[in-house]
Amino acid sequence: MIKIENLTFAYKKDSSLFKALNLSINPGQIHGLLGKNGAGKTTLLKLIAGLQYPKEGTITINDHSSTGRSPQYLSNYYYIAEEFNLPSIKINSYLNIYAPFYKNFDKVAFNHYLEEFNIPKENKLSKMSYGQKKKFLLSFGLATNSKILFMDEPTNGLDIPSKSTFRKLIANNITEERAFIISTHQIKDIEDMIDTVIIIEDGKIMFKQSMEDISKKLSFKTLNTDENSENILFTEDHIINKRAISINSTKEDSPIDVELLFNAVISDHQKLTQQFKA
Ligand code: ADP
């Protein structure tokens with residue numbers, strides 16, 4: 001669906017943010033694009049959305065190039081940016097102007113999402129709080145039924161009940177034809193819903209694996225004593241104990257701690273990625 005080949009991109013002449021980056025994203029899944037602040041998540045989303053152009057390499061969605069910005073390319077996705085401006089109009093007027101760009105826009109579903117998020121329909125968009133605006137955009141994005149939905153830090157500004165509503169709506173709306181790409185540094189907010197983990201650091205894809213494969217290959221546990229085992233790949237001190245990732249030698253599933261996985265990849269990605277080879 002999305003294919004990135006040999007992508008090189010730089011904001012400054014002498015230092016590339018991305019160098020020969022390759023990545024493919026398939027439909028039917030919720031992808032978590034994880035990385036520290038400044039890792040390059042937003043830039044990567046902007047490049048895929050055709051809002052920035054590669055210096056070298058290609059980005060295609062269903063064989064259409066990002067640089068062409070053709071109607072066929074643009075109609076594939078909806079992009080919910082972290083920073084945005086909304087016009088000083090009411091929701092209905094916004095709908096009349098923007099919904100017709102999406103041929104599969106579902107107005108009934110849109111109203112349902114607004115209700116789930118408790119967004120009053122009579123308010124002017126510009127008068128809403130940041131969190132309300134974000135929930136409006138999430139509702140709109142879901143209702144477009146676009147094949148790809150990019151969400152950059154979608155849980156920023158959302159209160160705790162809204163975060164659960166967000167998770168519920170995302171999980172209920174993923175289909176075999178759609179791909180959701182959620183970029184965040186707030187891993188806990190999305191760890192229960194993602195199908196694939198993509199970790200980006202210093203402009204490189206350090207790790208990309210399905211939750212299914214992570215569960216097969218790795219084991220996540222708490223160490224109560226100074227347990228030492230050859231199978232342990234990474235440990236992290238918590239207040240009263242240690243959390244560890246080890247090779248899953250027993251083939252039993254353990255709940256995946258994505259934050260621990262992220263810290264392990266950032267500290268030594270080769271040790272982790274080796275487990276997924278062959
Ligand atoms: P993330 O979304 O992971 O926090 P970004 O993609 O926003 O990371 O930024 C990646 C790097 O590119 C950072 O070092 C940031 O300072 C730099 N950067 C982002 N936007 C611009 C810009 N418009 N001009 C110059 N540098 C930028």
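The values are calculated or read from the model by the stated rules, or taken from the named source; none is laboratory data. Note that the structure is a prediction, hence the values are computed from the model and not measured. So basically every Cβ, Gly included, is an ideal-geometry build from the backbone, and we count neighbours across all protein chains shown. What goes into the accessible areas is simple: the full protein's heavy atoms, side chains included, and nothing from ligands, DNA or RNA. Shrake-Rupley method; radii C 1.70, N 1.55, O 1.52, S 1.80 Å.
Kindly check whether there is at least one residue in segment 120-130 that is under 20 Å from the mean Cα position of the chain (by Cα), modelled with pLDDT of 95 or more and aliphatic (A, V, I, L, M). For segment 120-130, residues under 20 Å from the mean Cα position of the chain (by Cα), modelled with pLDDT of 95 or more and aliphatic (A, V, I, L, M): absent.
Checked across segment 22-41, the condition of being free of Cβ contacts under 8 Å to residues at least 24 places away in the same chain and among the charged types (D, E, K, R) holds for no residue.
Per-residue answers, yes or no, for (1) within 24 Å of residue 214 (Cα to Cα); (2) out of contact with any Gly (no Cβ under 6 Å at 6 or more places or on another chain); (3) open to solvent by less than 10 Å² (accessible area, probe 1.4 Å); (4) of a type in the set (Ser, Thr, Tyr):
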position: 115; (1), (2), (3), (4): no, yes, no, no
position: 126; (1), (2), (3), (4): no, yes, no, yes
position: 135; (1), (2), (3), (4): no, yes, no, no
position: 145; (1), (2), (3), (4): no, yes, no, no
position: 180; (1), (2), (3), (4): yes, yes, yes, no
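Candidates are the residues of segment 190-207 that are among the acidic types (Asp, Glu) and in contact with a His (Cβ under 8 Å, 6 or more places away or on another chain); the one that is modelled with the highest pLDDT is 195.
Inside segment 187-253, counting only strands (runs of 3 or more DSSP E) that do not spill past its ends, which hold 2 or more residues that are more than 16 Å from the ligand (Cβ to nearest atom), within 16 Å of residue 33 (Cβ to Cβ) and not basic (Lys, Arg)? Lay out the reasoning, then the answer.
Working: elements: 196-201, 204-210, 218-223, 232-237, 242-247.
It comes to 204-210.
Summed over segment 190-222, residues that are free of Cβ contacts under 8 Å to residues at least 60 places away in the same chain and either open to solvent by 50 Å² or more (accessible area, probe 1.4 Å) or in contact with a Pro (Cβ under 6 Å, 6 or more places away or on another chain) (or both) total 6.
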